[in-house]
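Everything on this sheet refers to the single structure shown next.
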Amino acid sequence: MKTAILILSVLMMTVNVNAQTVSLKDTQSYLDEFKKHIEIPQDYKFQTASKVNVDNTPAYLFRFEKSSNNGLKGEHYSFVISEKDKQILGFTNMDKKYSNTKMLLKPEAEKIAKDFLLKLDNSLANALQNLWIETHDEEIYVNEKKTTIAGMKYKCFRASQNDYAWVIVGFDGSVITFERNIKWNNDEHKRITEKWLHDNWLVENNLDFLNTSTDEQTLRKLVEETFANGALNKLNLEEMPRGFHPDFSILIAKENNLFRLPLRNWMKVVEEYKSNPEKVSSGIRNLDYTIDILGITENTAVVKTQFFRDKKLIITDYLSYIKYPDGWKAVAKISNEHIVNPLQLNL
């Protein structure tokens, strides 16, 4: 009877695997809670949030990606957090840097894993029994080439709940992966709990929602490529016209007057900076950033960007977008500079 019930539960779980894309605005509090405990690498930008079930418990799956080597089976930083009590159920950092084959010694990995668990959830840490510590491999694609990343896996059993947890530690002592509350079919040597952090499992279950482009995802990518990495950072000047309408202007208040900087003039400023090795080496335009889609109403949208230097907020921008037949275009931008002339412009 127990075997029949177990098989039925596994079948039901397979049938009910689904995910619903939700907005960052509606799930911001869950992202904030995660960040209280764990830092997301700065080179990963928000990609999507989805409502999922983990062993029939509602949760949210967040995914962050780089500007390159992204998409399913590419580099990504993902985490799952429960809806009701905001418990971090797991995260993974599938970064190419972990292709380094140098592994920590078992005692080193054990100490790092224990310290991590104690800091994250003391009650969980004290309830776990370590089963083994061994090398663990995963595969991602980097520049379309299959790449193996690895770490030392500290696998544990929690008898009180009859479930498992583990921590995978990278060559540099950082935590690659953490998962908890994992149900396991020991007879079949098969995991029961959904594998939301694993791209191979997403592909196997035809969960291609990550590749479904919503207006919010399209806008965020557009802002990153044509603004954050167009006028700033990578200085991909040729990308700017794709994201900005020819009649776009930056609106600047000067006393009681309104000054307009047209797109063509703005691009000249960027071009002059890019062609000056001394200015480029100064790194003035190399900034960390966040992108928030404040609202989309049919064919109009407002996007907020914030730029940081040495973790200090220096610029907040608000961009207005209109969706034309050939895609979204920014038509205006206003800014608040938190320090005097952060980009050292002479307008």
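The values are calculated or read from the model by the stated rules, or taken from the named source; none is laboratory data. Computed from a predicted structure; not experimentally measured. Positions of Cβ are backbone-derived with ideal geometry, glycine not excepted, and every protein chain shown enters the neighbour counts. Calculation scope for accessible area: heavy atoms of the full protein, side chains included, ligands and nucleic acids excluded. Shrake-Rupley method; radii C 1.70, N 1.55, O 1.52, S 1.80 Å.
Structure notes:
- Förster radius 25 Å - calculated FRET efficiency between ILE192 and LYS146, Cβ distance, rounded to 0.05: 0.35
- From phi via Karplus (6.51, -1.76, 1.60), per-residue ³J(HN,Hα) for region 65-79 in Hz, x at Gly/Pro: 9, 7, 6, 10, 6, 9, x, 4, 6, x, 5, 7, 10, 10, 8
- Listed residues VAL167, VAL17, VAL203, most fluctuating in the chain (Gaussian network, C-alpha, under 10 Å): VAL203
- Element breakdown for region 51-155 at a 1.4 angstrom probe: carbon and sulfur atoms account for 46% of the accessible area.
- Heavy-atom accessible surface of region 156-252: percent carbon and sulfur, 1.4 Å: 46
- Excluding ligands, DNA and RNA, the accessible surface per residue across the chain is 54 Å² with a 1.4 Å probe.
- Considering helices alone, the calculated mean residue ellipticity of the chain at 222 nm is -7000 deg cm²/dmol, with DSSP H runs of length four and up weighted by -39500 (n - 2.57) and normalised per residue.
- With 0.36 nm allotted per residue and the present C-alpha distance subtracted, the LEU237-ASP215 stretch has 5.6 nm of extension available.
- Equivalent ellipsoid semi-axes - Cα gyration tensor, region 185-283, angstrom: 45, 18, 12
- When its C-alpha radius of gyration is set against 2.2 N^0.38 Å (N residues), the chain gives a value of 1.14.
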